[in-house]
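Have a look at the structure below, then the notes.
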Amino acid sequence: MTFSIMDFVIFGSERSMFFPPPTSSTAAEVDSLFYFILWVCIVFFIVIVGVMGYCLIRYRERPGVKAEPSASHNNILEVTWTVIPGIFVGVIFYWGFVAFLDLRQSPDESYEIQVEAKMWNWSFTYPNGHVDNVLHVPVDKPVRLVMTSVDVIHSLYVPAFRVKMDVLPGRYSHTWFEANTVGDYTLFCTEYCGTKHSEMLSKVVVHPSGEFEKWLEDAANFLERMTPVEAGEILYQRRGCAQCHSIDGSAKVGPTFLDAFGSEQSLMDGSTITVDENYIRESILEPQAKVRVGYRPVMPTYQGQLKDEEINALIAYIKSLSEGSQVNP
Ligand code: HEC
Ligand SMILES: [Cu+2]
């Protein structure tokens with residue numbers, strides 16, 4: 001997408017150098033206030049700097065003209081330059097406050113999705129218990145996000161919806177939006193939260209009306225529809241394992257899963273272990289029980305978050321990444 005000067009100049013244009021096109025019910029309100037403030041700043045900047053520049057030149061000290069303070073002040077001028085900006089500030093306050101209330105107060109009939117942020121991925125839990133790392137929503141329906149963090153402060157930001165809200169550990173914050181255009185939109189973390197902050201992104205998929213429910217049903221029973229290896233691969237993506245474990249042999253925050261199954265590894269306590277089903281299961285449920293040499297014990301526990309069949313699927317998937325493994329991929 002290329003931008004021309006017109007995108008900047010046109011008041012509240014569809015495209016701009018500041019934001020992607022607005023695609024939520026409240027975006028237009030945010031945009032118009034933003035452009036109003038922007039134009040007030042531009043106009044006042046020109047007027048103030050213009051008059052100042054003119055006076056600097058017109059009344060400068062030069063041969064025949066002596067610099068001296070003016071004899072008196074000008075009441076009319078001073079009242080004018082106080083009252084006019086005062087009115088603008090009042091308008092901006094009122095407009096901003098009303099828009100703020102709209103952004104804070106989700107409609108009663110909102111569809112609620114739980115959001116959990118952790119270094120460095122997002123997980124979204126739907127009312128039927130389905131967990132995903134992508135935010136799926138129906139079009140033209142208000143969606144309320146109830147958000148919390150398991151570690152540090154993160155912030156959820158969907159530029160296309162003009163939605164931004166901090167996500168804090170130990171408490172719940174919320175925000176809402178109503179997407180009005182079907183499509184995929186980027187979702188960021190916009191609070192600097194550590195090494196991989198810039199990779200803490202996901203997307204929002206806005207489904208056409210009627211299709212969201214079908215997607216949710218399919219997504220939730222993927223374990224029944226797929227082989228364990230396929231389901232394991234999906235869980236590896238959705239549950240954020242991919243953020244720390246590669247499948248191409250490269251080490252990330254955690255060890256790679258490529259050829260891990262069946263390999264011998266040394267642990268911090270000096271012993272060695274063969275990576276088998278039991279060790280993988282233990283690593284998922286009690287990551288700190290056995291820590292690999294060369295890695296920090298930063299893996300979060302998935303105790304209570306993954307069902308047995310999900311753990312089995314993950315084991316099957318990790319197995320399938322090793323040559324000569326016992327399962328057929
Ligand atoms: C925040 C990063 C992070 C996430 C997310 C994460 N892990 Fe880990 N994982 C690690 C680190 C670091 C280690 C090595 C230290 C240790 O053993 O605790 C590890 C170790 C492991 C091991 C032992 C591997 C070996 O070769 O010794 C397994 C198996 C494992 N993780 C599976 C998973 C699965 C499955 C998921 C997703 C459900 C996951 N991890 C999510 C960081 C992570
Ligand atoms: Cu973050």
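The values are calculated or read from the model by the stated rules, or taken from the named source; none is laboratory data. Quick caveat, the model's predicted, so the values are computed rather than measured. Neighbour counts are summed over all protein chains in view; Cβ atoms, including those assigned to glycine, are modelled from backbone coordinates with ideal geometry.
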Note to self: Restricting to the range 174-198, name every residue that is of a type in the set (D, E) and either in contact with a Cys (Cβ under 9 Å, 6 or more places away or on another chain) or surrounded by 13 or more Cβ atoms within 10 Å (Cβ to Cβ) (or both).
What the structure shows: E178, E191
Checklist line | Flag if P208 is at pLDDT 90 or above, surrounded by fewer than 17 Cβ atoms within 10 Å (Cβ to Cβ) and of a type outside the set (D, E) | finding: yes
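Quick grid of which residues meet (1) more than 30 Å from I42 (Cβ to Cβ); (2) within 16 Å of ligand 1 (Cβ to nearest atom); (3) more than 20 Å from the chain's Cα centre (by Cα); (4) in the same structural domain as R239 (by TED's automatic domain parsing):
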site: W95; (1), (2), (3), (4): no, no, yes, no
site: A99; (1), (2), (3), (4): no, no, yes, no
site: S123; (1), (2), (3), (4): yes, yes, no, no
site: Y126; (1), (2), (3), (4): yes, no, no, no
site: P142; (1), (2), (3), (4): yes, no, no, no
site: M147; (1), (2), (3), (4): yes, no, no, no
site: V152; (1), (2), (3), (4): yes, yes, no, no
site: L156; (1), (2), (3), (4): yes, no, no, no
Note to self: Of all residues being aliphatic (A, V, I, L, M) and in contact with a Gly (Cβ under 7 Å, 6 or more places away or on another chain) in the range 260-313, which is modelled with the lowest pLDDT? Just the residue, please.
What the structure shows: M299
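Quick grid of which residues meet (1) touching a Phe, Trp or Tyr at 6+ places or on another chain (Cβ under 9 Å); (2) at pLDDT below 95; (3) assigned to a helix (DSSP H, G or I); (4) at negative phi:
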| site | (1), (2), (3), (4) |
| --- | --- |
| G90 | no, no, yes, yes |
| W95 | yes, yes, yes, yes |
| L103 | yes, yes, yes, yes |
| D108 | no, yes, no, yes |
| T148 | yes, no, no, yes |
| V152 | no, yes, no, yes |
| S155 | yes, no, no, yes |
| D166 | no, no, no, yes |
Next item on the list: Scan the range 203-222 for residues that are outside any helix (DSSP H, G or I) and more than 16 Å from V163 (Cβ to Cβ) and jot them down.
Entry: H207, P208, S209, G210, N221
Check: Considering L306, L267, which residue is over 32 Å from the mean Cα position of the chain (by Cα), closer than 28 Å to D151 by Cα and aliphatic (A, V, I, L, M)?
Finding: L267
Item checked: Subset tally (residues that are touching a residue at least 40 places away in the same chain (Cβ under 8 Å) and in a helix (DSSP H, G or I)) for the range 307-329 -> 11
Notebook entry, point to check: Quick check: is even one residue across the range 229-240 assigned by TED's automatic domain parsing to the domain that holds A316, in a loop (DSSP other than H, G, I, E, B), modelled with pLDDT of 90 or more and closer than 21 Å to L285 by Cβ?
Noted result: no
Check: Just to be sure, is G240 touching a helix residue (DSSP H, G or I) at 6+ places or on another chain (Cβ under 8 Å) and not aliphatic (A, V, I, L, M)?
Finding: no
Next item on the list: Output the residue which, of all residues in the range 172-202 that are away from ligand 2 (no atom under 15 Å from the Cβ) and in a loop (DSSP other than H, G, I, E, B), is nearest to V143 (Cα to Cα).
Entry: N180
Check: Any idea how many residues of the range 124-153 are surrounded by fewer than 16 Cβ atoms within 10 Å (Cβ to Cβ), farther than 13 Å from Q114 by Cβ and away from ligand 2 (no atom under 16 Å from the Cβ)?
Finding: 1
Notebook entry, point to check: From the list G254, G232, which one is in contact with a Leu (Cβ under 6 Å, 6 or more places away or on another chain) and within 16 Å of ligand 1 (Cβ to nearest atom)?
Noted result: G232
Check: Which one of these is in a loop (DSSP other than H, G, I, E, B), near ligand 1 (Cβ under 10 Å from one of its atoms), exposed (fewer than 12 other Cβ atoms within 10 Å of the Cβ) and not hydroxyl-bearing (S, T, Y): G304, G270, G294?
Finding: G294
Checklist line | Flag for E116 being at pLDDT 90 or above, among the acidic types (D, E) and in the same structural domain as A179 (by TED's automatic domain parsing) | finding: yes
